1. Can you name the helices (runs of 4 or more DSSP H) wholly within segment A:95-204 that have at least 3 residues being aliphatic (A, V, I, L, M) and facing chain C (nearest Cβ under 10 Å)?
2. Sort through C:Ser64, C:Ser94 and tell me the only one that's in contact with a Leu (Cβ under 6 Å, 6 or more places away or on another chain) and in the same structural domain as C:Ala197 (by TED's automatic domain parsing).
3. For segment A:38-52, which positions are surrounded by 16 or more Cβ atoms within 10 Å (Cβ to Cβ) and within 14 Å of chain C (Cβ to nearest Cβ)?
4. Note down all Cβ pairs under 7 Å where the first residue falls in segment B:56-71 and is farther than 13 Å from B:Ala23 by Cα and within 14 Å of chain A (Cβ to nearest Cβ), the second is outside any strand (DSSP E or B) and at pLDDT 90 or above, and they're at least six residues apart or on different chains.
5. Can you report the number of residues in segment A:156-206 which are crowded, with 24+ Cβ neighbours inside 10 Å and without any contact (Cβ under 8 Å) to a residue 12 or more places away in the chain?
6. Examine segment C:227-249 for a residue that is without any contact (Cβ under 8 Å) to a residue 60 or more places away in the chain and aromatic (Phe, Trp, Tyr), and state whether such a residue exists.
7. Which pairs have Cβ atoms under 7 Å, sit 6 or more apart or on different chains, and link a residue in segment A:26-50 that is in contact (Cβ under 8 Å) with a residue 24 or more places away in the chain to one that is surrounded by 13 or more Cβ atoms within 10 Å (Cβ to Cβ) and not acidic (Asp, Glu)?
8. Residues that are within 12 Å of chain A (Cβ to nearest Cβ) and buried (at least 17 other Cβ atoms within 10 Å of the Cβ): find the helices (runs of 4 or more DSSP H) completely inside segment C:80-175 holding 3 or more of those.
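The values are calculated or read from the model by the stated rules, or taken from the named source; none is laboratory data. Keep in mind it's a predicted model, so treat the numbers as computed, not measured. When we count neighbours, we look across all protein chains shown, and the Cβ atoms used for this are built from the backbone with ideal geometry, even at glycine.
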Amino acid sequence: MKRSTKRSVDQQKSGRILGMPEQAVKIATVVVLIGIWEMLSQAGILNPLHFPRPSKLIATFWELVTVGYPTGITVWVHIKATVVRILQGYALAAVVAIPMGLAIGRSHLLLRATNPIITFARSIAVISLLPLAIVWFGVGELSRILLIAWGCFWAILTNTVQGARQVDVNYINAARMLSTSKTQLFFRVILPATLPRIFAGMKIGLGVGFMVIIAVEMVGTIKGLGALIQQARFYYSSHIAIDGMIFIGIFGLLISFTLDRLERIILPWAVGLEEVER
Amino acid sequence: MSKDGVEVLVDRITKCFGADGMALQDVSFRLFTNEFLSIVGRSGCGKSTLLNIIAGLLSPTEGKVLINGQPIHGPGQDRGMVFQHSGLFPWLTAVENIEFGPRNRGIPRDQRRARAMELIELVRLKGFENKYPRELSGGMQQRVAIARAMAMDPKILLMDEPFGALDQLTREDMQRELLRIWETKKKTILFVTHAILEAIFLSDRVIVFNSKPGYVKKEFVIDLPRPRQKSSPQFMRYYEEIYEAIG
Amino acid sequence: MNHSGFTKGLWASWLGFIILLVIWQCIATFKLINPAVFPGPLSIVHTAIFDVPGGRLLQHIGISLFRVALGFLFGLGAGVVLGVTCGWYLKLGSILRTPIELIRPIPPLAWIPIAIIWLGLGEPSKVLIIFLGAFFPVFTNTYKGMVTIDPLVVRAAQTLGLGGTKLLLRVVVPATLPDIATGMRIGWSYCFGCMVAAELIAANSGLGYLIMNARQVGEISIIIYGVIIIGVINLITDFIIQEVLIKRKLKWQYITT
């Protein structure tokens, strides 16, 4: 059953609210909210310790960029630390999950054999493995990277498996009629056909990895965006915490934006073809 | 259209799908060189199953398919197939789709590109060769699918309701296109459809197929000169006879 | 592809699991890895039975589940109400969604420090995190469901004389239920992860705390045990939500599709 994105003709947005274009109203909303916040802070209604004034937040931005927090560790250092960890964990997960997913997806036996293990392992809260990782791999980078890898791994794996399983049999039949050997079938049909789903899994995996790393960085390190806000907590520096959260939010947006761009470049032919597994 | 030489002999094919029962029961018929043969019947899996067996994609439970006296073992270069939903590879452009088979065979780039472009011209898609399937209309996709199947130069073309997903007008265009290609390239075509008018318009012979289980009910030789008029009385008479035979 | 195929598959499922367990136990028995940090499945079972008093464990589980349930319900409620509102009153929705969409990119776990500054180390801060975990998926999916309703359904209802609130409650919201359900499923699993993280980082009760504490005391078996318990509870709750709520209440969706 096809659905359209506008609800009904009568309810259609005319694109204008209160006579102004929608975009303007949205921007105005944000400005108004910030303005109210500033005023409430000024009037002393909002506890400055809990809700620092927007003007202070802006000043803190500058401070984080130049002086850093803790002093000497600028926000760039934090970002770099986080990025490096994510990339390493993510790459590790992808390199293992994709071939494994392809193999499992194409083999009924492997699929059945690994299904219970995968289902269970997926449901283990990634963060709960943090103490274990610390015991086994110490408090250094390795345990953090492995945790991120574990977090990303399952999303990439399950989506790759589903993608490989669900290659349209029409493609396979068509290929068989065109003198395709088994190897050629795999590399020239199954792999490209699975690619959109692999990519979807990679997007989700990165999302999960991103969340994991923030939490992981709150334990045992002082470099990294997660560490930044955790430090802020210890010193009751709500302004640092909030600014840190904003940085994290922007960072997350950049990641998904980049991935979307990347997808459009690598897979120009696959627009909205896929159903995704969470 | 010469009728000399039996190209394909379908010999007592039976196919069972476990609990689903008998899909095909003792199906036998002949397909002659350069002939256009249609199989009509109600919508149901029997006809497609039969076509898949002849293609070599499925094995029969009993019986065999002989081509020029030799039994078939799986798909082969002598048979090409066009599916209802084109089955074009969405990650390849039109011309790359057509080159797919020759590329698998190791034919060098220039050669296969030249051949593919010939076929693009044959199916009248010049200018669209670098488009992806999703950029092409249904009719155009099927034309690419036909060209792709023909890139391997098969003697026999198997077509499984290839125009079923198209709208009526495009469908009629494609019917004429197919006839033109058939007459130009002199292929043997086995065409499956549930549209009786289509079958009569296109074919030398029409086999009426029963569904569940599938078997040959009746055979009709369409003795009309081409191009055929769907409105002519003889045409309508064939239609009535076949319609009644389907039952 | 029928009887024998199915049983073979069933065998394979268990076989994979059993092989894994056997390998695990072998590594432990032959001390391939330092047994102090790598207990085998048997010693985990031993720990489970003897070292963790059932009462205490249940207490922690209870606290954790209570937190998740509370936060989840709040998030579900707020998400559905706001999602429906924004989807029904589109212009108001445009305005309301602006701050929500701005906050959404911030992962719930990033809120932990500020939550503690605001609400201290007690229950409220954890419930806040869990609430955030549930809220965004539920809101996003509810809103999406509201704005992608088949217009034919709405128009059909209107020709039957339904309008205003009745239309909303009797037609539009039920039509959105599948999307709300999806949001619930996703929200629940986020909640769970948030709960564990929040407890690990900043709590003194609950399963997350149990694990973190065990690490400090050096009780590896308890850690692994805790991890497994969390996983099992996660599976069970997911199952309950999937089977009971969704398959029962949304039977109509499965049949028509």
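1. Numbers: elements: A:108-123, A:130-137, A:141-165, A:169-176, A:182-185.
Passing ranges, in order: A:108-123, A:130-137.
2. Values: C:Ser94 fails: in contact with a Leu (Cβ under 6 Å, 6 or more places away or on another chain).
Checking each option against the conditions leaves just C:Ser64.
3. A:Leu46, A:Phe51, A:Pro52, listed by residue number.
4. From residues that are farther than 13 Å from B:Ala23 by Cα and within 14 Å of chain A (Cβ to nearest Cβ), the pairs are B:Gly56/B:Pro75; B:Leu57/A:Asn173; B:Leu57/A:Arg176; B:Leu57/B:Pro75.
5. The qualifying residues number 3.
6. Quick first cut of segment C:227-249, residues without any contact (Cβ under 8 Å) to a residue 60 or more places away in the chain only: C:227, C:230-232, C:234-244, C:247-248.
From the residues that got through so far, the ones that are aromatic (Phe, Trp, Tyr) too are C:239.
Yes, segment C:227-249 contains at least one residue that is without any contact (Cβ under 8 Å) to a residue 60 or more places away in the chain and aromatic (Phe, Trp, Tyr).
7. The qualifying pairs are A:Leu49/A:Tyr236; A:Leu49/A:Ser238; A:His50/A:Ser238; A:His50/C:Ile117; A:His50/C:Trp118.
8. Working: elements: C:90-103, C:112-119, C:123-147, C:151-159, C:164-167.
Correct list: C:90-103, C:112-119, C:123-147, C:151-159.
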